[in-house]
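The values are calculated or read from the model by the stated rules, or taken from the named source; none is laboratory data. For clarity, every value in this text was computed on a predicted model and none was experimentally measured. Cβ: placed from backbone, ideal geometry, glycine included. Neighbour counts: every protein chain shown. Side chains are part of the model used for accessible areas, which takes the heavy atoms of the whole protein and leaves out ligands, DNA and RNA. Shrake-Rupley method; radii C 1.70, N 1.55, O 1.52, S 1.80 Å.
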Amino acid sequence: MKIEFCLDKIDGFLPSIARQLGLQIKNNSFALPDKLGKGFFSQAVFNCNLAITYYEINLDIPSTIIRHKSANSDILPIVFWLSNAGVTQELNTETKIIGKNTPNGIFFPSNNIETNYTFPAGIPIKNIAVYIHKTWFKKFLNPQNDYINNYILRQNKYFLFEEINFAMEEVITDIEAIFKTKINDTLAPLNLYIDTLKLSNLFFEKILQRKSENTFVNIKPYDIQNLFKIKGIISDNYIDFPTMDFLSKESHMNERKLQKLFKQVFGKSIYQFALSLKMREAKRLLQSKSHSVSEVGYLVGYSNLSHFSQKFREHVGITPKQYLTSL
């Protein structure tokens with residue numbers, strides 16, 4: 001099955017999907033037909049400047065979703081992947097696995113970039129997307145020399161990846177609960193509106209941590225391919241971390257260029273990216289409840305427990321012990 005859509009309007013996603021499946025939208029939602037699988041798509045449109053979509057599906061057949069480029073560059077789409085289901089994304093001839101517990105849990109492209117997704121069969125897939133009108137968004141900002149003002153509001157073509165952090169996970173849990181079980185509650189529209197703004201704000205706070213530069217490099221496709229290659233090397237070796245000299249040779253860039261482009265695309269320095277992978281693995285091990293805090297620290301490369309606890313708290317917001325207790 002192949003589904004194609006183009007975001008020409010804030011509320012355009014759900015009608016486009018329903019139309020191609022031959023379905024009617026009722027109460028801003030529709031269920032997936034039995035012949036295709038199980039699940040539902042839902043949407044909340046708060047005004048002509050802000051909307052949010054949520055879907056939770058389990059397909060019977062592999063499917064391709066194509067998001068075509070749009071001439072409407074005023075729409076800012078922020079895509080949050082909430083499951084680790086082996087969804088693959090094609091972008092600039094590069095294919096990768098995306099999901100919640102990866103550094104690519106959030107995808108933020110300009111609206112004129114085409115992206116292809118392949119959804120596997122028989123695996124639950126969940127997704128939240130927030131759509132914001134750029135002009136409306138700009139009204140709530142102070143002009144500053146920062147990443148949002150210099151890059152997001154000025155560049156016509158870009159894409160960014162971010163990781164879903166602990167604070168976002170809490171808001172996402174609330175949004176999921178509203179769409180799945182509380183959508184008819186009296187305060188559901190208000191709570192969903194608040195949570196949508198909160199989730200968006202947490203995302204933009206995260207990208208504000210990126211260093212603002214007066215001049216942004218137009219990244220060549222060849223360099224993009226090498227950046228994903230380096231990201232893959234780090235992902236496979238984040239405990240026994242490769243040297244910068246090795247990574248520089250593998251990327252065919254000098255160290256300065258590699259560091260600069262890596263952070264521009266992925267939102268973190270190479271070291272911060274490797275650290276985020278360590279902390280993601282630490283969270284997974286703690287969630288399994290099969291290891292003590294000290295054992296988890298050792299498994300992700302720390303011989304010093306206090307150092308592990310310090311880095312975990314900086315990354316997650318609470319200590320490993322507190323995280324384990326909260327599970």
Mean separation of Cα contacts under 8 Å (6+ apart) over length of segment 30-104, as relative contact order %:
18 percent
In square angstrom, rounded to the nearest 10, how much accessible surface does V265 have for a 1.4 Å probe?
10 Å²
Largest first, what is the accessible-area ranking of S309, S276 with a 1.4 Å probe?
S309, S276
The chain, Gaussian network, Cα under 10 Å: of L299, L59, L192, the residue fluctuating most is L299
Along the positive direction of the dipole of the chain (beta-carbon charges: Lys, Arg +1; Asp, Glu -1; about the Cα centre), which of G232, T64, P320 reaches farthest?
G232
Could you tell me what percent of the accessible area of the chain is made up of carbon and sulfur, with a 1.4 Å probe and every protein chain present?
50 percent
Can you compute the label reach from T64? Point 7 Å from Cα along the Cβ direction, backbone N cut-off under 20 Å, restricted to segment 116-132.
116-123
Regression test value, accessible area per residue of the chain, probe 1.4 Å, units Å², expected 49 Å²
With an 8 Å Cα cut-off and a minimum separation of 6 or more residues, compute the relative contact order for segment 24-159 in percent.
28 percent
Could you tally the net charge around H307, taking each other residue with its Cβ under 13 Å from the Cβ of H307, Lys/Arg +1 and Asp/Glu -1?
+2
Of all DSSP beta bridges in the chain, antiparallel share, percent nearest 5:
90 percent
To the nearest 20 debye, segment 250-312 has a Cα-centred charge dipole, built from +1 on Lys and Arg Cβ and -1 on Asp and Glu Cβ, of 280 debye
Using the reciprocal of the averaged 1/r over all distinct C-alpha pairs, how large is the Kirkwood radius of the chain in Å?
21.1 Å
I want the local charge near N156. Using Cβ-Cβ distances under 14 Å, sum +1 for each Lys or Arg and -1 for each Asp or Glu among the other residues.
+3
So what is the orientation-averaged projected area of segment 1-102, using the convex hull of its C-alpha atoms, in nm²?
7.1 nm²
How high is the relative contact order of segment 182-327, in percent, with contacts defined as C-alpha pairs under 8 Å that are six or more residues apart?
16 percent
Taking the dipole about the Cα centre of segment 199-282, with the C-beta of Lys and Arg at +1 and of Asp and Glu at -1, give me whichever of M253, M279, P242 is farthest to the positive side.
M253
Given the DSSP H assignment, sum -39500 (n - 2.57) over each helix run of at least 4 residues in the chain and divide by its residue total; what's the result at 222 nm in deg cm²/dmol, nearest 500?
-12000 deg cm²/dmol
So, with points 7 Å from each Cα along the Cβ direction, the T186-Q20 label distance in nm works out to 4.1 nm
Furthest towards positive pole of dipole, N191, Q43, F140, structure part the chain, Cβ charges:
F140
With Cβ to Cβ distances under 14 Å as the rule, what net charge do the other residues near T243 carry (K, R +1; D, E -1)?
-3
Which of F273, F140, F41 ends up with the largest GNM mean-square fluctuation for the chain, with Cα atoms connected below 10 Å?
F140
In debye, nearest 20, what is the charge dipole magnitude of the chain about its Cα centre with +1 on Lys and Arg Cβ and -1 on Asp and Glu Cβ, if you could check?
360 debye
In debye, nearest 20, what is the charge dipole magnitude of segment 169-327 about its Cα centre with +1 on Lys and Arg Cβ and -1 on Asp and Glu Cβ, if you could check?
300 debye
Quick one: accessible surface of K157, probe radius 1.4 Å, all protein chains present, in square angstrom to the nearest 10.
130 Å²
